[in-house]
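A quick write-up on the structure given underneath.
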Amino acid sequence: MFDKILVPLDRSGLAECVLPHAVALARALNAQLILLHVLSVSDKPDRLRAVDPLEWHLRRAEAESYLQAVCARLQEAGVPSETQVTDGDAAEMIVDFAHEHEIELVLMASHGQSGLSGWNVSSVVQKVIMRTRASLMIVRAYRPAQADILTLQYQRILVPLDNSARAECVLPLAAVLARIPETQILLAHVVQRPAMPRRTPPSQEEIELADRLVERNRIEAENYLEVVRVQFPPSAVETRVLVGSQAASTLHDLVDQERIDLVLLSAHGYSGETRWSHGGLVANFVAYGSCPLLIFQDAPGEPSVLTQAEAAVRGAGSH
């Protein structure tokens, strides 16, 4: 499933919050970790100053020494690891490295060397999300960090499903994680109330029609989740069917109520729109979610659509 997991690190304590998750996933999936550090000219206060070759060499040596120290800790924990140092723009290098080395999963902290901010993810993470076609996990750096990289235990994993084959792409991964002792999988489906946009209140007949549709979809969702749950050990899975006007807000409330410590989402769902690397629900959880998020890429081979800004830059560069 995930043979190689890419872990970008920028030598900051915030970025290292991913390490307990890297160990937990590598052990569960029998995967190798690749630690990556990107040397960037933009790290310097004065970006216009010429790069000093000696200083650059020293920075590279420091980065390699840092990664080797982290790698040694991981290998002592029995997790196979290797290191890579490259240079360039951090986001571009992460995306390019993942593509060139056929990385299945990129594991990143929401914030790193630039520090915490009011934004839910840093600009580097946001750029990687927009451009990568690998699966991606985001660990919230503003949450209390796990001191011991060896003892992380996922207890409540939320798997939202929308009755689509694309959303079900996460199920094999969820089934693997369900084998971890004391881990519970929560399968959830949100039945959305029909939208009735109008300038006047709906009639009683329209309200009753909407209620009948909601009840029909609720019964269908319960039957659907009962079929899906047989893929898991009975003691390791629960199901929830919720009714709400908006799927994302309903799921955010469920995360808080059920004390979820990992959300597992397919990159795309019922709409099946794969022009962009991720769908609307994923984008909402990236922007507003508060717990670790693992986005399973269901369309890894499809190129992302260039924005007009990207197309303009590439066109300018060709002249």
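The values are calculated or read from the model by the stated rules, or taken from the named source; none is laboratory data. Every value quoted in this text rests on a predicted model; they were computed, and no experiment measured them. When we count neighbours, we look across all protein chains shown, and the Cβ atoms used for this are built from the backbone with ideal geometry, even at glycine. Please note that ligands, DNA and RNA were not included when accessible areas were found on the heavy atoms of the full protein model with its side chains. Shrake-Rupley method; radii C 1.70, N 1.55, O 1.52, S 1.80 Å.
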Show the residues, 5+ positions off or on another chain, whose built amide H is closer than 5 Å to the amide H of VAL121. none
Expressed as a whole number of Å, what is the distance separating the alpha-carbon centroids of segment 224-263 and segment 98-123? 26
Could you compute the FRET efficiency for GLU226 and ARG198, with r as their C-beta to C-beta distance and R0 at 30 Å, rounded to 0.05? 0.25
Going highest first, how would you order 115-121, 32-38 by mean Cβ packing within 10 Å? 32-38, 115-121
Mind checking which of ALA221, ALA167, ALA69 has the largest fluctuation in a GNM of the chain, springs on alpha carbons under 10 Å? ALA69
Taking the convex hull of the Cα atoms, report for the chain its projected area averaged over all directions, in nm². 19.9
Residues of segment 279-295 with amide nitrogen under 20 Å from the 7 Å Cα-to-Cβ point of GLN246? 279-291
Probe 1.4 Å, protein heavy atoms only - accessible area per residue of the chain in square angstrom: 52
Please list, in order, the residues from segment 171-215 whose amide nitrogen is less than 20 Å from a point placed 7 Å along the Cα→Cβ vector of GLU258. 171-193
State the extension gain, in nm to one decimal, for the chain segment bounded by GLU310 and GLN75, taking 0.36 nm per residue of separation less the distance between their alpha-carbons. 80.6 nm
With both partners inside the chain, how many of the DSSP beta bridges are antiparallel, as a percent to the nearest 5? 5
Restricting to Cα pairs under 8 Å and 6 or more apart, the percent relative contact order of segment 127-240 works out to 28
With every protein chain in place, segment 130-272: carbon and sulfur % of accessible area (1.4 Å): 51
